[in-house]
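Inspection log for the structure reproduced underneath, given as structure tokens.
The values are calculated or read from the model by the stated rules, or taken from the named source; none is laboratory data. Keep in mind the model is a prediction, meaning the values are calculated, not measured. Virtual Cβ from ideal backbone geometry, glycine too; neighbours counted across all protein chains shown.
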Amino acid sequence: MATTASLVLGADGSSTKNGSSEALSSVADRERFLRRRRDCDCLIIGGQTANSERYLQTPSPLVILSRSRPSLLEKNAQAHWWQMAPEDAITRAEKEFGENIGIEAGPSIILELLALGKIDYFELSITPITGGEGLIDIHNLFEYFQKIDEELVDGTRFYSCSWPIIKTQK
């Protein structure tokens, strides 16, 4: 059983550019992203991701976490709309679809799941692109993992993080 979150950021910590993460992605990032998602039994995204990214076709069931009904339901036959907390969605998705869950949501859902220790593997891509929106402190993301492997491919820095650390509230 594994829950793997994927996130692409610009070199300045931008999580979107012109409202989408696609503008931050590189060829190397896109190739790894598509390869990784093929191994997932289910993909989980948030409502904002559903509205701003292309999810018309997915290799596995797609769960959209949102308070309001996403229009993507009519466009992707594998899409499901759940109104629940992200951690509860992981539990339900494991029961309904299988144990390998891919989290392709935005930073707020990923940060929430990291803080709860619900992400087993975190795949972070940092491309050289700058000037986007939704800045995140990249180094704070690493505080949730004991093991971090780094690789540079065609200008994109890839971080594979594992051995999660559950942070306790003080």
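With respect to Phe142, determine if the residue is of a type in the set (Phe, Trp, Tyr) and either touching a helix residue (DSSP H, G or I) at 6+ places or on another chain (Cβ under 8 Å) or within 15 Å of Ser21 (Cβ to Cβ) (or both). Considered against the rule, which asks whether it is of a type in the set (Phe, Trp, Tyr) and either touching a helix residue (DSSP H, G or I) at 6+ places or on another chain (Cβ under 8 Å) or within 15 Å of Ser21 (Cβ to Cβ) (or both), Phe142 comes out as no.
Glu74 meets all of the listed conditions (1) modelled with pLDDT under 95; (2) over 26 Å from Phe145 (Cβ atoms); (3) within 14 Å of the chain's Cα centre (by Cα) but one, namely (3). When region 51-76 is filtered for residues that are exposed (fewer than 12 other Cβ atoms within 10 Å of the Cβ) and either closer than 23 Å to Lys95 by Cα or touching a Phe, Trp or Tyr at 6+ places or on another chain (Cβ under 7 Å) (or both), the ones remaining, listed by number, are Gln57, Arg67.
Within region 124-161, the residues that satisfy the criterion of being aromatic (Phe, Trp, Tyr) and within 18 Å of Glu112 (Cβ to Cβ) are Phe142, Tyr144, Phe145.
Name the residue, out of Ser14, Ser6, that is in contact with a Gly (Cβ under 9 Å, 6 or more places away or on another chain), part of a strand (DSSP E or B) and surrounded by 14 or more Cβ atoms within 10 Å (Cβ to Cβ). When all the criteria are applied, what remains is Ser6. Arg54 falls short on exactly one of the conditions (1) part of a helix (DSSP H, G or I); (2) over 12 Å from the mean Cα position of the chain (by Cα), and that condition is (1).
A single entry from Phe142, Phe97 fulfils the requirement of being touching a Pro at 6+ places or on another chain (Cβ under 6 Å) and surrounded by fewer than 21 Cβ atoms within 10 Å (Cβ to Cβ): Phe97.
No other residue among Gly46, Gly98 is within 14 Å of the chain's Cα centre (by Cα) and within 26 Å of Ile166 (Cα to Cα) apart from Gly46. If you go through region 34-60, how many residues are of a type outside the set (Ser, Thr, Tyr) and closer than 17 Å to Ile109 by Cβ? Count: 12.
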